[in-house]
Amino acid sequence: MPVTYARQGRIGVITIDNPPVNALSQAVRAGLLQAADAFAADDQADAAVILCAGRTWVAGADISEFGKPPAEPFLPALIDRIEALDKPVVAALHGTALGGGLELALGAHARIAAPATRMGLPEVTLGLIPGAGGTQRLPRLIGTQAALEAITSARQIPAPEALEAGLIDRIAEGDLTQAALDLAHDVAGQPPRRTRDLPAPAVDPAQLQALTERLARSARGQIAQATAVDAVREGLALPFAQGMAVERAAFRALMDSPQRAALIHAFFAERAVAHLPEIQGVDPRPLDRVGVIGGGTMGAGIAVAALLAGLDVTLIERDPDGAQKATATVAGLLDGAVTRGKLPAARRDTILSGAFRTDTDYAALREADLIIEAVFEAMEVKEQVFAALDRVAKPGAVLATNTSYLDVNRIAEATGRPGDVIGLHFFSPAHVMRLLEVVVADRTAPDVTATAFALARRLKKIAVRAGVCDGFIGNRILSHYRAAVDAMVLDGASPYQVDRALTKFGFAMGPYAVSDLAGLDIGYMTRQRKAAERHPRDRVPVFADRLHEMGRLGRKSGRGYYLYGNGAPQEDPELAPLLDRVRADLGLTPRSFTDEEIVARTMAAMVNEAARTVADGTALRPLDVDVVMLNGYGFPRFRGGPMHWADAQGLPAILADIDRFSAEDDHFWQAAPLLRDLAAQGRSLADLNEGTKS
Ligand code: 3HC
Ligand code: NAI
């Protein structure tokens, strides 16, 4: 029984107990309805409290029921029933009161919360709007503007702010249950205060317009946010019951939308990546002291990520000058966290004077539980570093490399303890980006993998398991679709058109803007490194080499594909003639591309290589690819990731594209056998996500 009804004195006590997060499954809804009826019929009860067992108040509707036929009792009707009771009901919140959970509380007649409670309506992150009164009751309690901000941003409101805004009535000092019972005693005998009966607040058209314009930028391509604004505006202009009908219709329409399916796939996929069979029941090794080798872009960022998570960090650089620079970078990043309000200034000071130190001697890593190498991307350097680590690291220390492309098996063989070696591929900036590719080498011990996943949890990052290959999951797929993109530019597309087409599709940035950000030297060096293994039919982006030779390195030199000065990056009029010269030298006659074709080619290349990474086991399942691309490569979340997107298009359609492109270039465009097999069997990539909730 996930919901029980009991009585304490003259107060009815309704307890929801549906671990892990008390989601409003059908059984919980049915139980609540029964409990509400029991309370209504209980002459001995003058008021009731609703409490939740476990770590949190209700965290929302049960998302795993979405997309399936809805089952009664429906949540809006249940909340209406509770609100309509003629004796008061108190909601006693703790943990996170989210979505349908907060809506349930809004239907109660009084609300009290433990001091650390956070409240929010995160439905837009799932491609939905609140569907059980959130758009109609929340504005009545806290005003239209504040409600719209909460609904469209999905922000979690801390209890003190909620109290000030009028969202809750009290913060519980001491025991929540006792405080809720006290509040119930206070309101017992009074007429229930129904949120629905509060007057609908005014809507300021100018503020609404400003919000709509802001959302067009911040929620580009997404439909839920604008739908929420409309539901609030239209609903508040009508009597409550009709307002609820407006909300319900919009909620139902979104429930049927591909964006909802994509965003909920992303939600479950991000949790499924942690369910790794090989580490089930395996205890991670202890993890308190971290060593970082190399204090450049990545090393400093990794150090800061670890420090912010409360770990102790020793960073090694080559010489005192390097160590000093690294300290300055780390201090600068911590300052940034202070400025953004993420870190109290006093904690920064204790970190810099206690938990963080630099050294130039590997011996300082003797006590480290985990050592992460982030030196230059060259195998000889990595091998030297790991041989040196082998001499100083304590037995059982985890030895990790942050390499972007190199062979982790070979790096592991530079030590006498390859079982302790693993790849931890962080993304730049490492203290911000949530993705961590955990590269499991042939001889990596399971408890080393478990430690990597434990580290990710500690750093609040999403870890995805990857196998060893050139570029692992993300960079391998990136290299492939970048080649398709560069080929289009060689054949006549403008890099600016490519960037525009792909940002219109939903990518955070276009590939050429990304090149400028990373630095054109990075791609140049990768091409140099791989030149020897190049196939004669591989197409080389000669224009990128030219830009590099001209010293146009991207943002850091003020000029790459774009021009950088004050203000937004500008298109460079000199780029088109340069491209024309390159094409002429190669004997290519430029042709034009539509935006649709740019997207089709980019996506077909991405899906094709992603299918190969799944087929050869580099990625465990298609959903692992999706999580990597969503969290490390700016893939639009509302499209769910390339594998989810491919299923939504239909694999036969993707294969038809690949075959069409192959007619021009059958070296690059060779369909992955996995795609052909699945299509022939009428199956989808999602079928390979077996055993997950996605
Ligand atoms: N429904 C079903 N399962 C849920 C769930 C939900 N609403 N919320 C979390 N879970 C599951 C997770 O999938 C996970 O399962 P697993 O252990 O099998 O992987 C488990 O609960 C624990 O979740 P987390 O790992 O995310 O736990 P955290 O402690 O890190 O976070 C949380 C807890 C903040 C509650 C987070 O889970 C969360 O944000 N949940 C979603 C909240 C949400 O979006 N609610 C709105 C739903 S839409 C709605 O209510 C519609 C309404 O308006 C009608
Ligand atoms: P970087 O050039 O900014 O920093 C490398 C640092 O290592 C330098 O400060 C250098 O002094 C130091 N170093 C070199 N040899 C050393 C040694 N033997 N002992 C101690 N310190 C030494 O390079 P970056 O960008 O930080 O890259 C580091 C690694 O991270 C590379 O393997 C790279 O492929 C990988 N990586 C880089 C990403 C990026 O976006 N820059 C993203 C993910 C991984």
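The values are calculated or read from the model by the stated rules, or taken from the named source; none is laboratory data. No experiment lies behind these values; they were computed from the predicted model shown. FYI the Cβ positions are ideal-geometry reconstructions off the backbone, even for glycines, and counts take in every protein chain you see. Just so you know, the surface numbers come from the protein's heavy atoms only, side chains and all, with ligands and any DNA or RNA stripped out. Shrake-Rupley method; radii C 1.70, N 1.55, O 1.52, S 1.80 Å.
At a glance:
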{"read-out": "Lone unmet requirement of (1) more than 10 Å from ligand 2 (Cβ to nearest atom); (2) within 30 Å of the chain's Cα centre (by Cα); (3) under 13 Å from VAL292 (Cα atoms); (4) of a type in the set (A, V, I, L, M) for ALA393", "value": "(2)"}
{"read-out": "Test result for ASP204, surrounded by 12 or more Cβ atoms within 10 Å (Cβ to Cβ) and either modelled with pLDDT under 95 or not assigned by TED's automatic domain parsing to the domain that holds ALA92 (or both)", "value": "yes"}
{"read-out": "Failed criterion for GLN384 (all others in (1) within 7 Å of ligand 2 (Cβ to nearest atom); (2) part of a helix (DSSP H, G or I); (3) open to solvent by less than 30 Å² (accessible area, probe 1.4 Å) hold)", "value": "(3)"}
{"read-out": "Residue that is nearest to MET488 (Cα to Cα), among those in the range 559-583 that are over 34 Å from the mean Cα position of the chain (by Cα) and hydrophobic (A, V, I, L, M, F, W, C)", "value": "LEU579"}
{"read-out": "The lone exception for PHE74 - which of (1) more than 13 Å from ligand 1 (Cβ to nearest atom); (2) open to solvent by 30 Å² or more (accessible area, probe 1.4 Å) it fails", "value": "(1)"}
{"read-out": "Evaluation of PRO277 against (1) farther than 19 Å from PRO429 by Cα; (2) within 25 Å of the chain's Cα centre (by Cα); (3) in contact (Cβ under 8 Å) with a residue 24 or more places away in the chain (one fails), failing number", "value": "(3)"}
{"read-out": "Candidate set from the range 356-381 (those that are under 20 Å from PRO320 (Cα atoms), charged (D, E, K, R) and assigned to a loop (DSSP other than H, G, I, E, B)); member that is nearest to the chain's Cα centre (by Cα)", "value": "ARG366"}
{"read-out": "Pair list, Cβ < 8 Å and 6+ apart or interchain, from the range 280-299 residues that are under 14 Å from THR314 (Cα atoms) to residues that are within 16 Å of ligand 1 (Cβ to nearest atom) and open to solvent by 40 Å² or more (accessible area, probe 1.4 Å)", "value": "LEU287/ARG458"}
{"read-out": "One residue from PHE376, PHE453 being in the same structural domain as THR327 (by TED's automatic domain parsing), open to solvent by less than 20 Å² (accessible area, probe 1.4 Å) and aromatic (Phe, Trp, Tyr)", "value": "PHE453"}
{"read-out": "Candidates LEU478, LEU435 - the one that is in contact (Cβ under 8 Å) with a residue 40 or more places away in the chain, out of contact with any helix residue (DSSP H, G or I) (no Cβ under 7 Å at 6 or more places or on another chain) and within 12 Å of ligand 2 (Cβ to nearest atom)", "value": "LEU478"}
{"read-out": "Some residue of the range 59-68 being surrounded by fewer than 19 Cβ atoms within 10 Å (Cβ to Cβ) and away from ligand 1 (no atom under 13 Å from the Cβ)", "value": "no"}
{"read-out": "Residue ranges of helices (runs of 4 or more DSSP H) in the range 231-331 with at least 2 members within 16 Å of ligand 2 (Cβ to nearest atom), at pLDDT 95 or above and under 30 Å from MET629 (Cα atoms)", "value": "297-308"}
{"read-out": "Only listed residue being among the polar types (S, T, N, Q), open to solvent by less than 40 Å² (accessible area, probe 1.4 Å) and either more than 16 Å from ligand 1 (Cβ to nearest atom) or under 18 Å from LEU181 (Cβ atoms) (or both), chosen from THR15, THR56", "value": "THR15"}
{"read-out": "Single condition ALA430 does not satisfy, out of (1) within 16 Å of ligand 2 (Cβ to nearest atom); (2) in a loop (DSSP other than H, G, I, E, B); (3) open to solvent by 10 Å² or more (accessible area, probe 1.4 Å)", "value": "(3)"}
